[in-house]
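Worksheet: the structure to be examined is printed underneath.
The values are calculated or read from the model by the stated rules, or taken from the named source; none is laboratory data. On a predicted model such as this, the values are computed, not experimentally measured, just so you know. Don't worry about glycine lacking a Cβ; one is built from the backbone with ideal geometry, like all the others, and counts go over all protein chains shown. What goes into the accessible areas is simple: the full protein's heavy atoms, side chains included, and nothing from ligands, DNA or RNA. Shrake-Rupley method; radii C 1.70, N 1.55, O 1.52, S 1.80 Å.
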Amino acid sequence: MIYMRKYIHKYGKAFLIAVFFLTIEATCDLLLPTILSQIIDKGVAQEQMDVIWRLGGIMLLITAVGAGAACTRNIMASRVSQAFGTELRSDLFRKIQGLSFESIDRFDRASLITRLTNDVTQVQNFTNGLMRIFVKAPLICAGSLIMAIRLNPRLSVILLVVVPIVGLLIAWNMRIGLPRYLKVQQAMDRMNLVLREYLSGVRVVKAFNRFIHETEKMEKANVEYQNRSIQVMRTMAAFNPAVMLTVNLGIMAVLWYGGVRIEHGDMQVGHIVAFVNYMTQILFSLMMISMVLMMFVRARASSQRIGEVFAEEHAMRWEQTASTPVVDMGRIEFEQVSFTYGDAEGKAASPVLKQISLTCEPGQTVGIIGSTGSGKSTLVNLIPRFYDPDSGTIRVNGLDVSKTDPAYLREAIAIVPQKSVLFSGTIKDNIKWGKETAVMEEIEAAARTAGAHGFICQFPEGYETMIGQKGVNLSGGQKQRLSIARALVRKPDILILDDSTSAVDVLTESAIKAALKAETRAMTCLIIAQRITSVMDADQIIVLEQGEIAGTGQHAELLRTCRVYREIFASQAGKEALPHVEGL
């Protein structure tokens with residue numbers, strides 16, 4: 001994978017040092033059977049105690065050197081693999097953060113979590129194994145073959161039969177293993193998706209008593225993961241005994257043929273013992289190689305999935321940065337803008353916005369209203385460049401957003417999303433998300449404007465009150481008001497409120513609107529709302545219908561000229577209210 005070059009360059013030296021100590025360890029292991037052979041043939045058979053003591057001492061020394069090399073290699077392997085895994089996970093997280101919404105939409109959220117956790121762990125474990133047993137196994141296997149051939153060429157004929165058979169088994173195992181491991185990871189993605197959906201919507205599940213339905217969904221995903229894993233385990237279950245049987249048959253052949261040659265006086269007992277030891281080493285090294293290859297297959301599948309994220313190109317390009325002079329602070333212009341969402345495969349669906357043209361002057365309050373699915377949220381999502389339009393031009397502060405660095409663009413914008421999102425931490429920390437350097441006076445001022453200061457002070461710990469995950473210990477209206485405070489503390493040029501008071505009562509909304517009107521005189525404020533009362537006093541109201549502008553103007557004007565606006569008003573105020581509206 002191309003993305004691995006960075007880590008190979010950074011950790012390559014430490015990796016090679018670990019392999020160097022591993023090579024010393026493997027060399028020590030390979031020398032022991034040969035020395036044992038000499039102890040048996042020269043020391044024991046000829047009853048020479050000095051040879052036994054001398055060669056025994058050499059064996060102990062070699063064992064100590066091998067143990068020291070193994071300890072050093074283990075320490076380095078752990079450090080390198082942990083550092084590599086930590087950096088890879090951080091880089092992958094930063095890559096995901098840097099992707100546009102359009103790019104992120106191509107990946108399932110559960111899949112991204114799996115790639116950040118399980119897939120990175122698989123690659124990290126494989127890297128650790130490379131420096132522990134994965135390099136050692138081929139060295140021991142090749143070294144044992146060489147030492148066995150050097151020790152007794154006649155017995156080595158048996159190896160010419162055993163090794164190719166094992167090689168074919170390994171190749172067969174790799175060929176069928178990779179696609180099955182990929183399916184295991186995909187099944188894990190689906191299981192994580194079901195779990196995430198359940199945990200996110202657990203209140204709805206309990207409210208509608210859909211336990212059986214959710215249990216069946218989980219059972220289906222769980223069983224699929226089980227079946228995929230069983231298929232892989234079946235492969236291993238057939239492979240490992242086949243390798244062990246082949247090598248053990250080879251050892252039996254060595255013992256039989258060696259016994260025959262000893263009877264004829266052509267071979268010594270020490271050679272047979274050493275050869276069996278080498279065959280045993282070959283057996284264990286081949287078993288390790290099989291495990292290596294299966295872990296390689298799994299790591300390769302995970303590496304491919306990680307590589308897909310790294311290979312995802314940021315769809316957005318820009319020329320204008322922080323050095324670009326701002327012309328019209330707070331001005332927003334749409335010129336013939338059209339936009340279409342793509343599906344997971346990037347295929348375009350029907351247009352969400354069609355030929356939108358509008359202008360929001362600096363300091364204006366602009367209301368955006370329309371039926372569900374008319375494109376209101378999509379329209380404001382184009383302003384901070386969450387997405388790029390298919391056609392047309394959007395200018396913010398006089399800058400063409402398609403040519404402007406999104407990070408620079410968003411510094412001038414604050415958004416209160418349709419769904420309030422709070423983070424674990426204190427209330428103060430959540431408000432400071434809008435401005436990291438905000439002091440307590442600024443935080444309190446923003447909370448007062450958002451109508452949040454009152455309920456915050458009712459908590460025993462005030463602004464230091466801890467918020468549970470996703471604000472679980474707050475009501476919907478409280479979360480919305482904290483989200484508004486978070487946006488206001490930023491003091492942006494453009495404030496976007498995406499249906500941000502839908503969970504508060506009418507009286508509280510009126511108080512928030514009055515405070516906002518005084519606070520937002522110097523900024524352009526866009527208010528998306530379902531209720532006409534939320535936008536009726538705006539300087540300009542934009543009515544959307546099926547992705548097109550159905551009308552633009554103020555409340556009274558739209559009641560006279562815009563059918564869609566009149567229908568929305570009638571549905572909320574009652575048809576009997578229409579005759580009493582001035583001008584109708």
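Quick check on residue 486: is it closer than 22 Å to residue 537 by Cβ and at pLDDT 80 or above? Judged against the criteria, residue 486 is not a match.
Listed here are the residues, each with its yes/no results for (1) farther than 30 Å from residue 175 by Cα; (2) part of a helix (DSSP H, G or I); (3) of a type in the set (Val, Ile, Thr).
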| residue | (1), (2), (3) |
| --- | --- |
| 260 | yes, yes, yes |
| 270 | yes, yes, no |
| 277 | yes, yes, no |
| 282 | no, yes, yes |
| 288 | no, yes, no |
| 296 | no, yes, no |
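One line per residue, one yes/no per condition, for (1) touching a His at 6+ places or on another chain (Cβ under 6 Å); (2) small (Gly, Ala, Ser); (3) surrounded by fewer than 21 Cβ atoms within 10 Å (Cβ to Cβ); (4) within 30 Å of residue 410 (Cα to Cα):
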residue	(1), (2), (3), (4)
94	no, no, yes, yes
98	no, yes, yes, yes
103	no, yes, yes, yes
107	no, no, yes, yes
114	no, no, no, yes
120	no, no, no, no
125	no, no, yes, no
131	no, no, no, no
144	no, yes, no, no
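Summed over segment 480-497, residues that are in contact with a helix residue (DSSP H, G or I) (Cβ under 8 Å, 6 or more places away or on another chain) and either open to solvent by 10 Å² or more (accessible area, probe 1.4 Å) or free of Cβ contacts under 8 Å to residues at least 60 places away in the same chain (or both) total 4.
Helices (runs of 4 or more DSSP H) fully within segment 112-214 that include at least 2 residues being hydroxyl-bearing (Ser, Thr, Tyr): 120-129, 157-200. Residue-level check: of (1) more than 19 Å from residue 516 (Cβ to Cβ); (2) open to solvent by less than 50 Å² (accessible area, probe 1.4 Å); (3) assigned to a strand (DSSP E or B), residue 414 misses just (1). Screening residue 208 on (1) among the aromatic types (Phe, Trp, Tyr); (2) exposed (fewer than 12 other Cβ atoms within 10 Å of the Cβ); (3) within 30 Å of residue 275 (Cα to Cα) shows it passes everything except condition (3). Every condition in (1) in contact (Cβ under 8 Å) with a residue 60 or more places away in the chain; (2) open to solvent by less than 20 Å² (accessible area, probe 1.4 Å) holds for residue 81 except the one numbered (1).
Check segment 220-231 and report whether any residue there is open to solvent by less than 90 Å² (accessible area, probe 1.4 Å), modelled with pLDDT under 75 and under 30 Å from residue 184 (Cβ atoms). No, the conditions are met nowhere in segment 220-231.
Okay, residues lined up against (1) modelled with pLDDT of 75 or more; (2) within 15 Å of residue 220 (Cα to Cα); (3) open to solvent by less than 40 Å² (accessible area, probe 1.4 Å):
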| position | (1), (2), (3) |
| --- | --- |
| 158 | yes, no, yes |
| 161 | yes, no, no |
| 168 | yes, no, no |
| 185 | no, no, yes |
| 195 | yes, yes, no |
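When the residues of segment 232-241 are filtered to those that are aliphatic (A, V, I, L, M) and at pLDDT below 75, the one that is farthest from residue 191 (Cα to Cα) is 238.
From the list 407, 447, the one residue that fits, being under 30 Å from residue 335 (Cβ atoms) and part of a helix (DSSP H, G or I), is 407. For segment 133-174, the tally of residues that are farther than 15 Å from residue 33 by Cα and charged (D, E, K, R) stands at 2. Remark: residue 295 matches the filter, which requires a residue to be under 30 Å from residue 120 (Cβ atoms), open to solvent by 30 Å² or more (accessible area, probe 1.4 Å), modelled with pLDDT under 80 and in contact with a helix residue (DSSP H, G or I) (Cβ under 8 Å, 6 or more places away or on another chain).
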